[in-house]
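Below: one structure, written as structure tokens.
The values are calculated or read from the model by the stated rules, or taken from the named source; none is laboratory data. Keep in mind that what you see is a predicted model, and the values were worked out from it rather than measured. Backbone-built Cβ (ideal geometry, glycine too); neighbour counts: all protein chains shown.
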Amino acid sequence: MKRLRDLSVFQPIPEILSESFGTMSYYLRRSRKEYCVRSLYFEKREKQLLYTSLITEVHLLAGACFRRRNAPYLSVECVRDGTLYVRQRNEAYRLEPGEIFLMQPDLDGEFLVGESGFCKKESFSIFGTLLPGFLQKSGLDQVNVIGGINSSPVHRIFQHLGTLEGIQTPAALQENSQLTFELLYYLSSPGHADFVPKKLLDLKTYMADTLEQEHSIQELASLYGCSPYHLTRLFQRFFHQTPYRMLIEFRMKAAAEILRREQEISIKEVTGMVGYQNALNFSTEFRKYFGMSPREYQKYIDPI
């Protein structure tokens, strides 16, 4: 992270912001190679305490820039590659990979691609009635940029939130809120974060990649190299659920994605693809998770 003394790099961004959305006014110049936005389910804003409404992954090219004013939400901009010039509260910085720009609610903030000519970044749009108080109590409301931290937990949370796209259940709302809180807590005190052991993350990935197989707690514990009791305690500590519940969650999310992607597929086929031997058991679990049967989900949810 480098403090910028010469602010002339921001001259291409006009003072008059020509676009508006709700209370926010903004200026946006699009120049990008790739762009992916995922909308996450949330309740009416006054009901939900803390949540991420959108996550965005974008590959910006030279000339891309953005400025906003009076936005009602916090935007967390994490640089993955390239460089990004950012400015807020009359302070300007050059950000490199792993560094983060916090675009504060109700402040005038802006960014544009740096001298590298491109920038790949991940963004979180965060709302909630608890947000102003959390930012103030944690001190994050006084922060423009964050550097010198391990950005891997931020990327992990970004990926995890992405798995919630299209899921409109109370469980998804709760998971969204927990992940959003985890992100803000980490940004406010990265030195005190409880990092998930890499070996445990690898086991989680293995579970997600082999859903068609039957997994027992004994098998998973053996792969990790501990007792089933200890593995369960590790999962509850770092993931707030048991391995069994996580496996069900993976299977339900995978089934939902298949049903949205392949409109003509049979429920029997989906059953086998996500590790169930019996279509009735699968349908019962699916209804518990989503509040509707697999066939109803396939009929009423918009396809991918």
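For the range 262-294, enumerate the residues that are surrounded by 17 or more Cβ atoms within 10 Å (Cβ to Cβ) and either part of a loop (DSSP other than H, G, I, E, B) or in contact with a strand residue (DSSP E or B) (Cβ under 9 Å, 6 or more places away or on another chain) (or both).
Across the range 262-294, the qualifying residues are Val274, Gly275, Tyr276.
Residues are listed down the side, and each one gets a yes or a no for (1) part of a loop (DSSP other than H, G, I, E, B); (2) on the phi > 0 side of the Ramachandran plot:
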| residue | (1), (2) |
| --- | --- |
| Leu107 | yes, no |
| Glu115 | yes, no |
| Pro132 | no, no |
| Ile149 | yes, no |
| Gly166 | yes, yes |
| Leu173 | no, no |
| Asn176 | no, no |
| Leu179 | no, no |
| Leu183 | no, no |
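When the range 226-256 is examined, which residues are found to be over 18 Å from Leu201 (Cβ atoms), surrounded by fewer than 21 Cβ atoms within 10 Å (Cβ to Cβ) and of a type in the set (A, V, I, L, M)?
Across the range 226-256, the qualifying residues are Ile248, Ala254.
So that you can scan it fast, the table gives a plain yes or no per residue for (1) outside the structural domain of Ile248 (by TED's automatic domain parsing); (2) touching a residue at least 60 places away in the same chain (Cβ under 8 Å); (3) aromatic (Phe, Trp, Tyr); (4) over 25 Å from Tyr35 (Cα atoms):
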residue: Asp106; (1), (2), (3), (4): yes, no, no, yes
residue: Phe118; (1), (2), (3), (4): yes, yes, yes, no
residue: Ser123; (1), (2), (3), (4): yes, yes, no, no
residue: Leu135; (1), (2), (3), (4): yes, yes, no, yes
residue: Gly139; (1), (2), (3), (4): yes, no, no, yes
residue: Arg156; (1), (2), (3), (4): yes, no, no, no
residue: Thr163; (1), (2), (3), (4): yes, yes, no, no
residue: Gln174; (1), (2), (3), (4): yes, no, no, yes
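Considering only the range 20-32, state which residues are out of contact with any Lys or Arg (no Cβ under 9 Å at 6 or more places or on another chain) and surrounded by 11 or more Cβ atoms within 10 Å (Cβ to Cβ).
Listed by number, the residues that qualify are Ser20, Arg29, Arg30, Ser31, Arg32.
Can you tell me which residues in the range 140-187 are at pLDDT 90 or above and of a type in the set (Ser, Thr, Tyr)?
Matches in the range 140-187: Ser177, Thr180, Tyr185, Tyr186.
Considering only the range 1-102, give the strands (runs of 3 or more DSSP E) lying wholly within it that have at least 2 residues that are touching a residue at least 40 places away in the same chain (Cβ under 8 Å).
Numbers: elements: 19-21, 24-29, 32-39, 51-61, 65-69, 74-82, 84-88, 91-95.
Filter on the range 1-102 gives 24-29, 32-39, 51-61, 65-69, 74-82, 84-88, 91-95.
Can you pull out every residue in the range 74-97 that is buried (at least 20 other Cβ atoms within 10 Å of the Cβ) and within 22 Å of the chain's Cα centre (by Cα)?
Across the range 74-97, the qualifying residues are Leu74, Ser75, Val76, Glu77, Cys78, Val79, Gly82, Leu84, Val86, Leu95.
Glu264: charged (D, E, K, R) and within 23 Å of Gly162 (Cβ to Cβ), yes or no? Walk me through it before giving the result.
Values: charged (D, E, K, R): yes; within 23 Å of Gly162 (Cβ to Cβ): no.
Considered against the rule, which asks whether it is charged (D, E, K, R) and within 23 Å of Gly162 (Cβ to Cβ), Glu264 comes out as no.
Can you tell which of Thr205, Thr180 is over 25 Å from Met292 (Cα atoms), of a type outside the set (A, V, I, L, M, F, W, C) and touching a strand residue (DSSP E or B) at 6+ places or on another chain (Cβ under 8 Å)? Can you show your working first?
Numbers: Thr205 fails: touching a strand residue (DSSP E or B) at 6+ places or on another chain (Cβ under 8 Å).
Result of the check over Thr205, Thr180: Thr180.
Being more than 30 Å from Tyr300 (Cα to Cα) and at pLDDT below 95 is true for just one of Lys121, Lys137. Which residue is that? Explain how you work it out, then say what you get.
Details: Lys121 fails: at pLDDT below 95.
None of the others qualify; the one that does is Lys137.
So for the range 58-73 (the condition being among the hydroxyl-bearing types (Ser, Thr, Tyr) and at pLDDT below 95), does at least one residue qualify? Reasoning before the result, please.
In the first step, residues of the range 58-73 are kept if they are among the hydroxyl-bearing types (Ser, Thr, Tyr); the result is 73.
Now drop any that are not at pLDDT below 95, which leaves none.
Within the range 58-73 (the criterion being among the hydroxyl-bearing types (Ser, Thr, Tyr) and at pLDDT below 95), the answer is no, since none of the residues qualifies.
Wholly within the range 198-259, which helices (runs of 4 or more DSSP H) include no fewer than the required count, namely at least 1 residues that are in contact (Cβ under 8 Å) with a residue 12 or more places away in the chain and under 20 Å from the mean Cα position of the chain (by Cα)?
Values: elements: 198-209, 217-224, 228-239.
By residue number, 198-209, 228-239.
Sort through Glu212, Glu257 and tell me the only one that's in contact with a Gly (Cβ under 6 Å, 6 or more places away or on another chain) and not small (Gly, Ala, Ser).
Values: Glu257 fails: in contact with a Gly (Cβ under 6 Å, 6 or more places away or on another chain).
One residue alone meets the criteria, Glu212.
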